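Below is one structure, written out as structure tokens; comments come after it.
The values are calculated or read from the model by the stated rules, or taken from the named source; none is laboratory data. Just so you know, these numbers come straight off a predicted model, no measurement behind them. Here the Cβ positions follow ideal geometry from the backbone for every residue, glycine too, while neighbour counts run over all protein chains shown.
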Amino acid sequence: MRLVLSTLKDFEKISGQLVNKNKSYFAMSNKTSLVTINRMKAITGMKYQKFPIKYLGCPLTKGRKKIEFYSDIVNKVIGRIRGWHTKLLSTGGRAILIKHVLLALPIYLLAAVNPPKGTIELIEKFVGRFFWFGQESGGKYHCAA
């Protein structure tokens, strides 16, 4: 660990940028003892955080990807839908909002990581309900193509 810290100090000297230890975290195995974690906190001056860790909005995990790790993006889509006055929007207006706002939200995340299929299906479900019924919850009617 001291080698990693030495490398970070070299980076700071060369680049002129400082590592903000208040915003930095380290992660360890779930089987790591509390004594070891506390020792790492003392050496690094950083906080300990369990997986999943968010980096630039993307969950960094070990093991299997879970839908819960991607709930932030689904909640953003739902939040946008709830914020719009859907009764005032035509079908064309909803289509434009979907294309230019809702589907633009997850672009970075989807380009950076490959979320579980269930996450994509959940976003599609809410977008479809918004398009057909003007709300995030289901309507009374089933739509047939």
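Could you tell me whether any residue of the stretch 100-120 is farther than 30 Å from Val4 by Cβ, surrounded by 13 or more Cβ atoms within 10 Å (Cβ to Cβ), modelled with pLDDT of 80 or more and of a type in the set (Lys, Arg)?
no
Can you find a residue that is in contact (Cβ under 8 Å) with a residue 12 or more places away in the chain and assigned to a helix (DSSP H, G or I) anywhere in the stretch 51-66?
no
Can we say Tyr141 is under 22 Å from the mean Cα position of the chain (by Cα), modelled with pLDDT under 85 and surrounded by fewer than 15 Cβ atoms within 10 Å (Cβ to Cβ)? Break it down into steps so the answer makes sense when it comes.
Working: under 22 Å from the mean Cα position of the chain (by Cα): no; modelled with pLDDT under 85: yes; surrounded by fewer than 15 Cβ atoms within 10 Å (Cβ to Cβ): yes.
No; evaluated as a whole, the condition is false for this residue.
Inside the stretch 1-44, can you point out the residues that are in contact with a helix residue (DSSP H, G or I) (Cβ under 9 Å, 6 or more places away or on another chain), surrounded by fewer than 12 Cβ atoms within 10 Å (Cβ to Cβ) and in a loop (DSSP other than H, G, I, E, B)?
Hits for the stretch 1-44 are Met1, Gln17, Leu18.
Exactly one condition in (1) assigned to a helix (DSSP H, G or I); (2) surrounded by fewer than 17 Cβ atoms within 10 Å (Cβ to Cβ) is not met by Val77; state its number.
Every listed condition holds for Val77 apart from (2).
Return yes when Thr61 is in contact with a helix residue (DSSP H, G or I) (Cβ under 8 Å, 6 or more places away or on another chain), surrounded by fewer than 15 Cβ atoms within 10 Å (Cβ to Cβ) and under 30 Å from Arg2 (Cβ atoms) and no when it is not.
On the way: in contact with a helix residue (DSSP H, G or I) (Cβ under 8 Å, 6 or more places away or on another chain): yes; surrounded by fewer than 15 Cβ atoms within 10 Å (Cβ to Cβ): yes; under 30 Å from Arg2 (Cβ atoms): yes.
Taking the combined requirement at face value, the residue satisfies it.
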